[in-house]
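Asks: Have a look at this one.
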Amino acid sequence: MACQHKNHAEAAAHTGISASALSENLRLLEEELGIKLFQRGPLGHYPSEAARWLYQRVEVALQRIETLEAGANRVRDVQFRRLEITTPLQFMLGRLSRAASQAVRDLGKTYPHALARVQFRTNWLAEDGDLALPVPDRGEPVERVILDYVDEAAPHDLLFQDDWIAITNFDRSLEQGRVIDFDALRNLRLLLPPLLPAQTHHARSYCARHNLPEPVTVEEDVGTFPTLSRDARPFALLAPRSLVAGGLSRLQLDHVSLPSELVSPVAASVQDGSLLGQAYVGHLKRILAEPDRPIVYDPHITLRQLRYFLVLFDQMNMTAAARKLNVVQPALSNQLRKLEAIIGEPLFERQRTGLKPTPEAEALVPLIEEAVELCGNVAVEARRQASQQGRRLTVGVVPLLNHRGALVEAIAGALEEWTATYPEVKLHVVEAAATVLHRWVETGKISLGLVEAHVSRSVQLDLNSQDQLVVVSKSGRDMLAPGDVPLARLANLPLVLPSDTFGLRQLINKAAEEARVSIVPRVEVNSLAVVLAMVRRMPLATVMPEVTVQPFVAEGAFQINAIVDPTIYRRLSIMFSTSRSLTEIERALVDTIRRHLA
């Protein structure tokens, strides 16, 4: 329930428990699994990618328990048939995912022999390969339904038309859902979330038809909007409504309708004419036509009771089972009686030689085994990922020019010292522009980012490193006389600079804005090595930290002029997520880098 509501208080009220009790149970679950399930947003807690992954895994087990509680007589003497409902669409706890889950439950009421489950795509643990739930190999026939976006859908396949909207921080004084005009869109950064290739093409074609800027794909989790919710620059992120609706209810972002309709049909494809699949799609269409509502599970059977049952079924002896479970026999008997009371049938006959399973127990074994196996796999996978995260530290750094500079030597020396102190931790270093590093930090792709400018509202620790920016030109070209250069002089220079995704460019832009100087580079290149190569070959100049280019200046390849009025300094800092504090090994790395840079 906590995943389906915008805050824990609302979820607690819906389930009839106190908000403190709900929060405490979620905290204990996070501790047991070793993963962070919820993060705090401006309007409450929102589920992380790990929470959405966990929701899908646990929901299948809850559905199997519901089948158990419906009574053993409904599944006695039937052959189970498995129905796999799969989709490449991302799982976002939205309208489609809730309807798909409810359709599984309704199908079970009319077809008790149906073991159906839904699998949406999740990004958590994706780097470990295919983490789709394996189909239990128990000999049951497997039928399939695929849910996906299509270019066109036949009426009998169409589920609904998913209209696109724009998520924006532009002009928040207007009402939600208003129509934004094309002129306003042309003046905004247009963005796309990670989508399937067909949907990305669909959006780009729409923008081309209406003379809009080409949208840029950003690595944004649209369930939490960790970066865009903190971005002060105006933007509009185009996305199908069903993909983003869940995240919007928890964050202070607006959504607006597009001035010309953009829709993506969502269709259901029943494979090989499956009658069970057709029945499922019928339920799904009916539910999608009804008002959206949360999915509520209220199991009375506990995981302990199911585990006790399986051991009893294996041992066929109460004493032996109690010994194997390391519990006293009366406690085991009590749990068995409770399970039999819920199911409504005796599960074992007590005989002088031990226990004999009833036909009802025999019928329920596949369901119970699957439910226990699913829950066990969830714990194993979650703990494995948590363990891997604890043994791995990923650090991002801004692009550095060469391996000979004082900055590179200081960073390399710090990493050498730190890895010697923590040899059991695998260190992974990646390079990217400052704004990209910020996005990676907020989405958890990297733990720390070494940047040269303050990025958005991130938490940054100063490394006490200060390097003056200088104008760099080719020696002997006489572009500038020796000596200091006022910042205003840069407005008339033919410059090659990196784009404003680089912290270096952000420092220049900020100083120019404060000095009311307009600096427009002739060329933008997001590679510092290529920038210097162009300065060497062409009548261009650039701006870099003095320490970065000093080795080349010493060789006579370049001339440098210090920038004054005002003087601009690059100050390095370590950036990390606002949603957490540094771990011991992370803080040790920060301290080591700070010491080597001093």
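The values are calculated or read from the model by the stated rules, or taken from the named source; none is laboratory data. This structure is a prediction, so every number in the text was calculated from the model and none was measured. Counting neighbours? That spans all protein chains shown, and the Cβs are built from the backbone with ideal geometry, glycine included. Remember, those area values only see protein heavy atoms, side chains included, never the ligands or the DNA or RNA. Shrake-Rupley method; radii C 1.70, N 1.55, O 1.52, S 1.80 Å.
Asks: For segment 245-274, which positions are modelled with pLDDT of 90 or more, within 18 Å of residue 195 (Cα to Cα) and open to solvent by 20 Å² or more (accessible area, probe 1.4 Å)?
Replies: 263
Asks: Looking only at segment 416-424, decide whether some residue is among the small types (Gly, Ala, Ser) and either more than 21 Å from the chain's Cα centre (by Cα) or modelled with pLDDT of 80 or more (or both). Even if it seems obvious, please write down each step before you answer.
Replies: Within segment 416-424, the subset among the small types (Gly, Ala, Ser) is 420.
Pick out the ones that are also either more than 21 Å from the chain's Cα centre (by Cα) or modelled with pLDDT of 80 or more (or both) and you get 420.
Yes, because at least one residue in segment 416-424 is among the small types (Gly, Ala, Ser) and either more than 21 Å from the chain's Cα centre (by Cα) or modelled with pLDDT of 80 or more (or both).
Asks: Quick one: in segment 85-98, which of the residues that are surrounded by fewer than 20 Cβ atoms within 10 Å (Cβ to Cβ) and not basic (Lys, Arg) is farthest from residue 162 (Cα to Cα)?
Replies: Per the stated criteria, the residue is 86.
Asks: Regarding segment 453-468, can at least one residue be identified that is open to solvent by 10 Å² or more (accessible area, probe 1.4 Å), at pLDDT 85 or above and aliphatic (A, V, I, L, M)?
Replies: No, segment 453-468 contains no residue that is open to solvent by 10 Å² or more (accessible area, probe 1.4 Å), at pLDDT 85 or above and aliphatic (A, V, I, L, M).
Asks: Additional query: Can you name the residue in segment 115-133 that is open to solvent by 10 Å² or more (accessible area, probe 1.4 Å), touching an Asp or Glu at 6+ places or on another chain (Cβ under 9 Å) and not in a loop (DSSP other than H, G, I, E, B) and is also modelled with the highest pLDDT among such residues?
Replies: By that ranking, first place goes to 118.
Asks: Select from segment 180-211 the residues that are open to solvent by less than 20 Å² (accessible area, probe 1.4 Å) and either at pLDDT below 85 or part of a loop (DSSP other than H, G, I, E, B) (or both) and list them in ascending order.
Replies: Answer for segment 180-211, where residues must be open to solvent by less than 20 Å² (accessible area, probe 1.4 Å) and either at pLDDT below 85 or part of a loop (DSSP other than H, G, I, E, B) (or both): 180, 188, 193.
Asks: Right, here's the next one. Restricting to segment 134-179, count the residues that are open to solvent by 90 Å² or more (accessible area, probe 1.4 Å), among the polar types (S, T, N, Q) and modelled with pLDDT of 85 or more.
Replies: Of the residues in segment 134-179, 1 are open to solvent by 90 Å² or more (accessible area, probe 1.4 Å), among the polar types (S, T, N, Q) and modelled with pLDDT of 85 or more.
Asks: Name the residue that is modelled with the highest pLDDT, counting only residues in segment 573-588 that are open to solvent by less than 40 Å² (accessible area, probe 1.4 Å) and assigned to a helix (DSSP H, G or I). Can you show your working first?
Replies: Within segment 573-588, the first condition is being open to solvent by less than 40 Å² (accessible area, probe 1.4 Å), and the residues that meet it are 573-577, 582, 585-586, 588.
Still in the running and assigned to a helix (DSSP H, G or I): 585-586, 588.
Working: 585: 85, 586: 86, 588: 89.
By that ranking, first place goes to 588.
Asks: Further, regarding this structure: Given the criterion farther than 24 Å from residue 64 by Cα and at pLDDT below 95, identify the matching residue among 320, 341.
Replies: Values: 341 fails: farther than 24 Å from residue 64 by Cα.
Every option except 320 fails the conditions.
Asks: For residue 563, state whether it is of a type in the set (A, V, I, L, M) and closer than 16 Å to residue 470 by Cα.
Replies: Working: of a type in the set (A, V, I, L, M): yes; closer than 16 Å to residue 470 by Cα: yes.
So residue 563 passes the test.
Asks: Given the criteria modelled with pLDDT under 95 and closer than 23 Å to residue 60 by Cβ, does residue 365 qualify? So that I can check it myself, show each step before the final result.
Replies: Details: modelled with pLDDT under 95: yes; closer than 23 Å to residue 60 by Cβ: yes.
It is true that residue 365 is modelled with pLDDT under 95 and closer than 23 Å to residue 60 by Cβ.
Asks: Among residues belonging to segment 505-531 that are touching a residue at least 60 places away in the same chain (Cβ under 8 Å) and open to solvent by 10 Å² or more (accessible area, probe 1.4 Å), point out the one that is nearest to residue 435 (Cα to Cα).
Replies: Among those that are touching a residue at least 60 places away in the same chain (Cβ under 8 Å) and open to solvent by 10 Å² or more (accessible area, probe 1.4 Å), it is 506.
Asks: Kindly evaluate residue 322 against the criterion of being among the hydrophobic types (A, V, I, L, M, F, W, C), in contact with a Lys or Arg (Cβ under 6 Å, 6 or more places away or on another chain) and buried (at least 16 other Cβ atoms within 10 Å of the Cβ). Give the derivation first.
Replies: Values: among the hydrophobic types (A, V, I, L, M, F, W, C): yes; in contact with a Lys or Arg (Cβ under 6 Å, 6 or more places away or on another chain): no; buried (at least 16 other Cβ atoms within 10 Å of the Cβ): yes.
When the stated conditions are applied, residue 322 does not pass them.
Asks: Take residue 570 and tell me if it is at pLDDT below 90, open to solvent by 30 Å² or more (accessible area, probe 1.4 Å) and not assigned by the TED database to the domain that holds residue 36. Give the steps one after another, and end with the answer.
Replies: Working: at pLDDT below 90: yes; open to solvent by 30 Å² or more (accessible area, probe 1.4 Å): no; not assigned by the TED database to the domain that holds residue 36: yes.
In short, no.
Asks: Moving to a separate point now. Of the residues in segment 39-96, how many are modelled with pLDDT under 85, in a strand (DSSP E or B) and not basic (Lys, Arg)?
Replies: Of the residues in segment 39-96, 7 are modelled with pLDDT under 85, in a strand (DSSP E or B) and not basic (Lys, Arg).
Asks: Moving on to the next point. Step by step: first the residues of segment 217-244, then only those that are in contact with a strand residue (DSSP E or B) (Cβ under 9 Å, 6 or more places away or on another chain), at pLDDT below 90 and not in a loop (DSSP other than H, G, I, E, B), then the one that is nearest to residue 191 (Cα to Cα). Which residue is that?
Replies: Here the residue is 217.
Asks: Suppose we filter 336, 393, 288, 306 for residues that are in contact with a strand residue (DSSP E or B) (Cβ under 7 Å, 6 or more places away or on another chain) and more than 30 Å from residue 425 (Cα to Cα); which single one remains?
Replies: Numbers: 336 fails: in contact with a strand residue (DSSP E or B) (Cβ under 7 Å, 6 or more places away or on another chain); 393 fails: more than 30 Å from residue 425 (Cα to Cα); 306 fails: in contact with a strand residue (DSSP E or B) (Cβ under 7 Å, 6 or more places away or on another chain).
Checking each option against the conditions leaves just 288.
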